[in-house]
Amino acid sequence: MKPEERVEERNPIEDFLRMDRIPHIWCPGCGIGTVVTSFAEAMKKSELDLDKVAVVSGIGCTGRVAGYVKFDSFHTTHGRAIPFATGLKLANPELKVVVFSGDGDIAGIGGNHFIHAARRNMDILVICVNNFNYAMTGGQVAATTPLTANLSTAPFGNFEYPFNLAYLADACGATYVARWTSLHIRRVTKSIQEALAKRGFSFIEVITPCVTLYARRNRLGDGLNLLKYYYDKSEMKHGADTRTVDIDFQGKIIVGKFVDKDKPTFLECMNTHLQKTLGDKYVPYGVKP
Amino acid sequence: MKPAVRTGSHYITGDVACAEGAIAAGCRFFGAYPITPATEVAEHMAERLPDVGGTFIQMEDEIAAIASILGASWTGVKTMTATSGPGFSLMMENLGLGVCTETPCVIVNVQRTGPSTGLPTQTGQGDMMQARWGSHGDYELIAIAPSSPQDCFYHTILAFNLSEKYRVPVLVMADEIVGHMSEKVVIPDAKEITLVSRPKPKGRKDRFRLYEPGPNGVAPMPAIGEGYNVHVTGLTHDERGYPSMTVEAQEQMMARLKGKIRNNLDDIIHTEEYLMEDADIVIVSYGISVRTGLTAVDEARKLGYKAGLFRLITVWPFPEGRIKALAKKVKAFVVPELNLGQIRREVERCAFGRAPAIGVPHCGGWVHDPDDILKTIKEAAR
Ligand SMILES: Cc1ncc(C[n+]2csc(CCOP(=O)(O)OP(=O)(O)O)c2C)c(N)n1
Ligand code: SF4
Ligand SMILES: [Mg+2]
């Protein structure tokens with residue numbers, strides 16, 4: 001095929017990717033790329049001014065997402081994507097700020113920032129790729145590792161209770177909480193679209209295969225086997241009580257949109273409150289006249 | 001909205017003066033976490049920022065505070081945080097991110113005594129080496145040490161100006177006494193204050209390269225949301241800002257990060273000299289210790305000693321050249337500081353054996369008795 005003919009084959013999501021940085025670093029069969037595809041699709045379908053979208057990642061395999069998406073994008077420090085994103089959003093409220101990072105980054109080292117951003121109802125979308133382990137560093141146990149799963153720092157299997165991230169986000173006040181697996185490509189896309197259209201703290205967890213580490217160490221087969229597991233064991237339950245959506249090792253995965261509600265964001269609360277207490281002398285912040 | 005510059009004569013603390021300096025410099029985002037003796041900076045910013053169209057947020061910890069100001073800075077806004085020892089320690093990793101990604105911001109450290117919780121919350125100057133080397137890896141940044149509330153006002157403006165001009169985090173290394181003492185602070189007319197803003201890119205967006213240096217070695221910086229699609233990473237990166245995992249890329253990036261500071265030392269380094277013309281015993285001092293140092297110099301002069309004082313306003317980068325030159329003609333350096341000799345060692349390094357650098361160590365908690373400095377001057381003159 002001549003190069004000019006290949007133009008025909010151009011993937012429509014290429015506009016949202018930094019093609020000059022492809023090939024990416026992810027392993028064949030890794031699910032992170034699929035989630036990025038869903039994200040790009042959602043961006044394509046959204047009516048957002050793409051110049052006003054910023055993507056922030058922490059560190060990890062998933063943390064590399066910021067380096068491949070063609071938006072203003074930030075690859076920050078491990079666990080600190082959310083506070084960095086908070087600064088972006090507050091200093092320029094016009095921006096749509098998306099945090100895209102791993103479970104270790106968001107719920108392990110960055111857990112404190114996660115709960116506080118949810119509590120404040122900071123107007124950002126957090127997409128968390130949950131592969132049940134610290135993949136970038138070679139497959140260590142994480143705060144999300146299901147009981148008994150084997151990882152390099154849990155060589156006899158995990159005996160720590162894992163986080164149920166959907167419940168955590170919900171309990172802290174998130175206004176949108178959904179969970180999918182990377183198999184649910186269209187659902188993830190739609191969920192991201194929905195969350196982008198909302199104001200407030202949105203959290204989308206995507207259960208994603210780490211074939212190289214988590215799957216191999218637990219003898220779960222290849223990427224295809226994991227997708228089959230997701231297919232067999234996911235159960236869609238929109239509006240499920242988040243207290244009931246724990247994940248057991250190779251057990252049932254409850255997916256769906258669990259929370260979708262509206263409440264004033266941090267900035268809206270700030271403006272309303274300061275207007276009330278300071279009166280006319282307060283000029284509302286970040287509101288176009 | 002209220003005027004950003006509160007022109008007039010005020011009787012305020014150093015902490016409040018830092019906050020007023022920040023507002024006057026154009027700071028419009030503050031990420032906070034309370035810690036004595038820096039809390040009053042945050043408190044004052046919380047009250048003032050809504051007046052001037054800015055945002056204040058108290059974050060969940062100091063790591064979040066510094067992360068938030070780095071993020072906010074990329075929107076084109078001038079940003080600051082303020083802390084003290086324990087919080088300063090927590091900020092170190094993201095200070096490195098700020099240096100590596102060339103993100104302008106100002107961090108005030110109102111020093112207290114350490115190690116650890118130390119003597120909460122009495123004065124100290126024990127974080128001077130941490131300011132220089134506290135984050136991992138090699139790097140250059142700028143640190144300034146105010147000696148009075150009036151300095152706090154002007155030096156915070158200076159910190160913003162240098163930070164914007166060189167795209168580097170700038171540290172304002174105050175201490176508990178300077179932060180908490182109330183003195184007269186004169187705030188001039190807004191038009192008498194020189195403000196500097198980061199260089200902005202010109203030309204075609206599609207040809208834009210995030211870290212292509214301008215004439216002074218500093219790359220222009222777009223704000224996000226302007227359509228430049230920047231990628232900003234703490235990984236070693238090339239001029240496009242893209243990660244590049246090679247020894248050459250590391251060398252190039254480091255050369256740029258270092259060069260923009262080292263090649264502009266004359267502009268960055270601010271010092272003051274007192275009775276230095278004929279001095280053969282030179283006190284090298286910074287921050288609160290300048291004040292006790294000056295008293296000691298006056299006393300020494302009365303007794304006939306040829307004492308002078310060389311004041312570091314900019315502590316980092318260190319004024320090596322001036323110390324080197326002085327070392328050739330003076331008899332000795334005397335370095336009083338509220339630590340066990342951090343800057344003394346630096347003076348010794350630059351003096352290169354040509355003149356001794358004699359410390360007046362103090363474990364912190366209070367300032368030197370000027371008599372102790374005087375005693376050291378007398379010994380040095382012997
Ligand atoms: C402060 C700090 N501690 C540790 C690391 C090492 N580290 C890099 S990535 C990572 C874990 C990433 O796990 P996760 O966020 O789940 O991302 P994944 O690689 O699984 O996608 C760790 C511990 C680091 N970069 N910084
Ligand atoms: S190690 Fe796991 S998470 Fe990382 S790229 Fe490979 S498969 Fe994906
Ligand atoms: Mg992970």
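All of the numbers you see were taken from the coordinates with simple rules; none came from a lab. Predicted model, so just to flag it, every value in this text is computed and none were measured. All Cβ positions, glycine included, derive from the backbone under ideal geometry; neighbour counts span all protein chains shown.
Shown for B:C350, B:C363, A:C172, A:C128: other C-beta atoms within 10 Å of each C-beta, ranked fewest to most, produce the order B:C363, A:C172, B:C350, A:C128.
For the stretch B:320-367, chymotrypsin sites (Phe, Trp or Tyr not before Pro) meeting the loop criterion (DSSP other than H, G, I, E, B) and having at most 16 other Cβ atoms within 10 Å: B:F352, B:W366.
Remark: the stretch B:215-326 is approximated by an ellipsoid whose semi-axes, taken from the C-alpha gyration tensor as √(5λ), come to 44, 15, 11 Å, largest first. Taking every alpha-carbon pair within the stretch A:21-280, the share separated by more than 29 Å comes to 25 percent.
For the pair A:T244 and A:D262, the difference between a 0.36 nm per residue extended length and the Cα-Cα distance amounts to 4.2 nm.
Across the alpha-carbon set of the stretch A:101-223, the Rg to Rh ratio works out to 0.99, Rh being the Kirkwood radius. Each principal axis of the stretch A:70-156 carries a Cα extent, and these read 49, 29, 16 Å when sorted largest first. Working note: Debye formula, equal point scatterers on the alpha-carbon atoms of the protein assembly as shown, no solvent; log10 I(q)/I(0) at q = 0.05, 0.07 Å⁻¹ is -0.26, -0.50. Which percent of Cα pairs goes in each bin when the distances of the stretch B:318-367 are cut into 10 angstrom slices starting at zero? Histogramming the stretch B:318-367 at 10 Å steps yields 31, 48, 18, 2 percent. For the stretch B:8-192, the fraction of alpha-carbon pairs lying more than 23 Å apart is 31 percent, rounded to a whole number.
The mean number of partner chain beta-carbon atoms within 10 angstrom of a residue's beta-carbon across peptide B:88-94 is 1. Taking label points 7 Å from Cα along the Cα-to-Cβ direction, A:A197 and A:L278 give a separation of 3.4 nm.
Over the stretch B:85-171, the pair-distance histogram of Cα-Cα distances with 10 Å bins from zero comes to 17, 48, 31, 4 percent, rounded to whole numbers. A straight line joining the Cα centroids of the stretch B:346-366 and the stretch B:227-269 runs 33 Å.
With the alpha-carbon atoms as the only input, what is the per residue convex hull volume for the stretch B:192-277 in Å³?
It is 161 Å³ per residue.
Stokes-Einstein diffusion for the stretch A:216-287 at 20 °C, viscosity 1.002 mPa s, with a Kirkwood radius from C-alpha pairs, works out to 131 µm²/s. A viscosity of 1.306 mPa s and a temperature of 10 °C, combined with the Kirkwood radius over C-alpha pairs in the Stokes-Einstein formula, give the stretch B:272-381 a diffusion coefficient of 119 µm²/s. What FRET efficiency, computed as 1/(1 + (r/R0)^6) with R0 = 30 Å and r the Cβ-Cβ distance, is obtained for B:N216 and B:T36, rounded to the nearest 0.05? Calculated transfer efficiency: 0.15.
Among B:E248, B:E337, the ranking by other beta carbons within 10 Å of each residue's beta carbon, starting with the fewest, stands as B:E248, B:E337. When B:D371, B:D206 are arranged by Cβ crowding within 10 Å, least crowded first, meaning fewest neighbours, the order is B:D206, B:D371.
In straight-distance terms, cross-link reach from A:K237 covers every one of the aspartates and glutamates whose alpha-carbon lies under 20 Å from its own, apart from those fewer than eight places away in the same chain; here that gives A:D170, A:E194, A:E205, A:D246, A:D248, A:D260.
Scattering from the stretch A:1-130 was approximated by placing one identical point on each alpha carbon and applying the Debye formula without solvent; log10 I(q)/I(0) at 0.14, 0.16, 0.18 1/Å stands at -0.61, -0.78, -0.96. Straight-line cross-link partners of B:K331 among the lysines, defined as a Cα under 27 Å from its Cα and at least 8 positions apart when in the same chain: B:K302, B:K306, B:K375, B:K378. The alpha-carbon of B:K191 sits under 28 angstrom from the alpha-carbons of these lysines, leaving out residues fewer than 8 places away in its chain: A:K281, B:K2, B:K78, B:K165, B:K200, B:K202.
Computed from the C-beta positions of B:L195 and A:T153, the FRET efficiency with R₀ = 56 Å rounds to 0.65.
Label separation (B:H270 vs A:I185): 5.9 nm, computed from points 7 Å beyond Cα along the C-beta direction.
For the stretch A:186-250 versus the stretch A:113-136, the spacing of their alpha-carbon centroids is 14 Å. The spacing between the stretch B:31-100 and the stretch A:15-32, judged by their C-alpha centroids, is 35 Å. Distance between the pseudo-spin-label points of B:A46 and B:S9 (7 Å out from Cα toward the beta carbon): 3.2 nm. Here the peptides B:72-79, A:35-42 are ranked by packing, the mean other Cβ count within 10 Å, and the order with the highest first is B:72-79, A:35-42. What FRET efficiency would be calculated for the residue pair B:R207, A:N112, taking the C-beta separation as r and a Förster radius of 51 Å, to the nearest 0.05? Rounded to the nearest 0.05, the efficiency is 0.80. Of all DSSP bridge pairs formed entirely within the protein assembly as shown, close to 25 percent run antiparallel. Each 10 Å bin from zero up to the one holding the largest Cα-Cα distance in chain B carries the following percent of pairs: 5, 24, 32, 25, 11, 3, 0.
The value for the stretch A:135-192 of Rg(Cα) / (2.2 N^0.38 Å) is 1.40.
Note on the stretch A:138-289: Cα-Cα pairs beyond 23 Å make up 48% of the total pair count.
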